[in-house]
Amino acid sequence: MARPPFALLVLVAVGAAAGGFAGGLLLRGEPESPPAVPRAGRGGPATPPAAAEIPSPALPGAPATTSEMTIEAQRGRIRDLESRIVELQRASGTVPRTRAEKLAIAKEMYDSFLRLSKGASDSEETLKAMARLGELDAEMAPFFIERYRDERLKKDPQEHMGLFLALAAGGPETAALILGLLTDPATSPQDRQELLGQIGSSGGFNFTNRIPVSGELAEVAFRLSGSQEVAERQGAAGLLGGLDSVQSRTDLQRLAFGDADLGVRATALRSLGYVGDQATLHLLESRPPPPTPAGGNAWAHKALMQSLEAAKERLKKRFP
């Protein structure tokens, strides 16, 4: 049975609680019947009114009145409904995780992927680890960035795992890491090449839409998009998937339809799926699919076609 929308459950719960609470207030505040006006009997004096009864203050341990019991019952129902709402939130994953919970997830994910990289896991664990990549967010990025920097200092052969997970988490701190690595003259050619390869999603993963690209990082991306190096152009195509602007779309279209490298074109098409507009969708649908290169890389051409279809599908959802 499908679970009702969370917003509907909240409205029903609050409505029921508010209605019951208002009913309790009505019971509590209902005015008593007005006292009878004394009338003089025939031939006799008016009957004096009975003295108003002053309620004695409630003593500790004394039984509660009906109205007090009603209000307390409604308060208890409100507490029960609030608890139920929290349970539904947790079940649907809408309760924000605490910083400690996110740190625990980051550590668990890092350890899992390290085991994967060393071949110390089975296929089931691999699938579970990949499925959990969606749980990562920008608040977890600092943990992975710290692991990456530690691994680089130790020259650990697994140093790229921290970078991979930092890119998956995304956010402004990951963007700052990328900018630092690309502009620091001390960055080794190997580290630079690995970074560009992961940003360009040459390994089949694409997380660059989670990375905010602006300011100096955007300038670097535009500069690299015109580089003579394939890796730099592909990295630039990946970065521009995090920048929604006319200039980024112009550069991505140039790379998608005019670059000599199929990998660069595939990455540019994938990024257009994130930052393209209605005109981009029309362009992708009107252009004929690229022909299979004679004697070329059939796998790269297949990846190009998959990127094209994925971009069109994503844009159709945004611009139905």
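Coordinate-derived values only; no laboratory data. All of these numbers come straight from a predicted model, not from anything done at the bench. Glycine also receives a Cβ, built like all others from the backbone with ideal geometry; neighbour counts cover every protein chain displayed.
In table form, for the structure just shown:
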| quantity | calculated |
| --- | --- |
| Cα lying deepest toward the dipole's positive end in region 98-180, options Leu179, Gly134, Ala100, charges on Cβ | Leu179 |
| Scattering profile of region 98-180 at q = 0.14, 0.21, 0.22, 0.23 Å⁻¹ [log10 I(q)/I(0), Debye over alpha-carbon scatterers] | -0.44, -0.97, -1.05, -1.12 |
| Links that overshoot a 25 Å alpha carbon limit, given the list Lys107/Lys154; Lys102/Lys128; Lys107/Lys317; Lys107/Lys128; Lys118/Lys155 | Lys107/Lys317 |
| Ser214/Ser123 FRET efficiency (R0 41 Å; Cβ-Cβ; nearest 0.05) | 0.55 |
| Region 187-278: chymotrypsin sites (Phe, Trp or Tyr not before Pro) in DSSP coil with no more than 13 other Cβ atoms inside 10 Å | Phe205 |
| R0 of 41 Å, Cβ-Cβ distance Ala100-Thr183: FRET efficiency to nearest 0.05 | 0.75 |
| Modelled FRET efficiency - R0 30 Å, Ala138 with Glu108, Cβ distances, 0.05 increments | 0.95 |
| Spin-label pair Met305/Gln247, simplified geometry with 7 Å Cα→Cβ offset, distance in nm | 3.7 nm |
